[in-house]
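Chemist: For reference, the structure I am asking about is given below.
The values are calculated or read from the model by the stated rules, or taken from the named source; none is laboratory data. Note that the structure is a prediction, hence the values are computed from the model and not measured. Because the Cβ atoms are built from the backbone with ideal geometry, glycine has one as well, and the counts that use them run over all protein chains shown. Calculation scope for accessible area: heavy atoms of the full protein, side chains included, ligands and nucleic acids excluded. Shrake-Rupley method; radii C 1.70, N 1.55, O 1.52, S 1.80 Å.
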Amino acid sequence: MPPTKKAKANDGSALTSTTIDDLTALTTAQLYSLSSRRHRDESRESVRRAQEERDRAYVSLEQAQRWLERANEHLERTEEGARESHREYMDAKNLLVRVRQASSAAVGMMGGRTAPDDSDDDGDIMGKMAGRASTGSSKNRKVPYVQDILIELAKAGALSGGTKLAAVDTELVARKDRSMFVNSMKLVEELWTEEEELFLRSTPEEINESLEELKVIAETIAVRCLTKLNEWEGRADPTPTGHQKPSFVSIGTRARRVFASRKKGDAVEAEEEV
C-alpha cells in the first residue's frame, strides 16, 4: 500500500531535522578544529619566540662573560701596574737613601784629606768650596763653577728628561765659552756615578725637597773632576790644591787636552794594529 500524503510529510520533516543537526555538529566540529589549529599555531609561535628569547639570552650571557673576563684582565693589569709603580717608588726611595749615604761618606772623606801645599789656602777642599759658595752667588762670579751649573740645571729640571749635559742651554754660560762648557760637562758625565746621575735627573719637586743633598753631590762631582784631571796629568798627589778652582772654563780647558790626548793615542794604536 503506497504511503499517504501525511506520511510523506512526516518523513520530510524528520529528514530535515536530522540534516540540520548533522550540519550543526559538523560546523561545530570544524569550528573546534579551526580554533584548535589557531591555538596550536599560537602555541608554536609562542614557543618560537621563547626559543629566540632564550638564544638572545645565551648570546647576552656570553657577551657578559667576555666583558667580565676583559674586566678581570684589566683589573689584573692595573693591579700589576700599581705593584710595579710601588716597587719603582721603593727602589727610588732606597736609591735616594744610598745617594745620601754616599754623599755623606764623600764629605767625610774629603774633610779628612789635606793638600801637601804649605800655603794658608790648603785644607778641607769641600769646606773651601762651601765657603766660596756662601760668600757669593754663582751669578755674581765671573766664571761659574761646575757645581753651580749642576745645581741650577737640576733645580730647573733641565736634566729630568734624559737630556745630555753638553746639550743643555744655560744662561750661566756665555756663547763664546760654549766649547769649554761642553768639554766640562762631558767630563762630568764620564765621572758621575749612577746614583748621582739619577738624583740630578730627578724632577724639580724632588730636587727642592733635597737641596742639601743636591749641594753635596754637585760639590762632590766637582772635586772628583779636579782629582781625576790631576791624576791624568800625572801629578804625584791628585788631591786638588786650594788654588785649583772647579770653574767650567778651567775644567773644560783641561778636559779638552785630556780628550785630545786620548784621541791621539787611539789613532796611534790603530796605526800600530794596521
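Chemist: For LYS245, work out the one condition from (1) more than 25 Å from PRO204 (Cα to Cα); (2) open to solvent by less than 50 Å² (accessible area, probe 1.4 Å); (3) of a type outside the set (Gly, Ala, Ser) it doesn't fulfil.
Modeler: Of everything listed in (1) more than 25 Å from PRO204 (Cα to Cα); (2) open to solvent by less than 50 Å² (accessible area, probe 1.4 Å); (3) of a type outside the set (Gly, Ala, Ser), LYS245 misses just condition (2).
Chemist: Of the residues that make up region 206-222, is at least one touching a Lys or Arg at 6+ places or on another chain (Cβ under 6 Å) and open to solvent by 40 Å² or more (accessible area, probe 1.4 Å)? Write out each step before concluding.
Modeler: Pass one, region 206-222, residues touching a Lys or Arg at 6+ places or on another chain (Cβ under 6 Å): 207, 213.
Then keep just the ones that are open to solvent by 40 Å² or more (accessible area, probe 1.4 Å); that gives 213.
Yes, region 206-222 has at least one match.
Chemist: Separate question: Condition (residue is open to solvent by 90 Å² or more (accessible area, probe 1.4 Å), of a type outside the set (Gly, Ala, Ser) and at pLDDT 90 or above) applied to region 253-264: is it met by at least one residue?
Modeler: Yes, that holds for at least one residue.
Chemist: Between a residue in region 226-239 that is open to solvent by 80 Å² or more (accessible area, probe 1.4 Å) and any residue that is outside any loop (DSSP other than H, G, I, E, B), which pairs come within a Cβ distance under 6 Å, given they are 6 or more apart or on different chains?
Modeler: TRP232/VAL258
Chemist: Condition first: closer than 29 Å to LYS155 by Cα and either part of a loop (DSSP other than H, G, I, E, B) or not hydroxyl-bearing (Ser, Thr, Tyr) (or both). Now tell me which residues in region 218-238 satisfy that. Give the steps one after another, and end with the answer.
Modeler: Of region 218-238, the ones closer than 29 Å to LYS155 by Cα are 218-229.
Listed by number, the residues that qualify are ALA218, GLU219, ILE221, ALA222, VAL223, ARG224, CYS225, LEU226, LYS228, LEU229.
Chemist: Here's something else I'd like to know. Would you check which residues across region 158-205 are closer than 29 Å to GLU231 by Cβ, open to solvent by 70 Å² or more (accessible area, probe 1.4 Å), within 21 Å of the chain's Cα centre (by Cα) and of a type outside the set (Lys, Arg) and list them?
Modeler: Hits for region 158-205 are GLU194, LEU198.
Chemist: Here's another thing I want to ask about it. Just to be sure before I move on: is LYS155 crowded, with 16+ Cβ neighbours inside 10 Å, assigned to a helix (DSSP H, G or I) and under 31 Å from the mean Cα position of the chain (by Cα) in the structure I sent? Before you say what the answer is, go through the steps one by one.
Modeler: Values: crowded, with 16+ Cβ neighbours inside 10 Å: no; assigned to a helix (DSSP H, G or I): yes; under 31 Å from the mean Cα position of the chain (by Cα): yes.
No, not satisfied.
Chemist: Only residues that are part of a loop (DSSP other than H, G, I, E, B) and touching an Asp or Glu at 6+ places or on another chain (Cβ under 8 Å): list them for region 159-197, please.
Modeler: Result: LYS164, THR170, LEU172.
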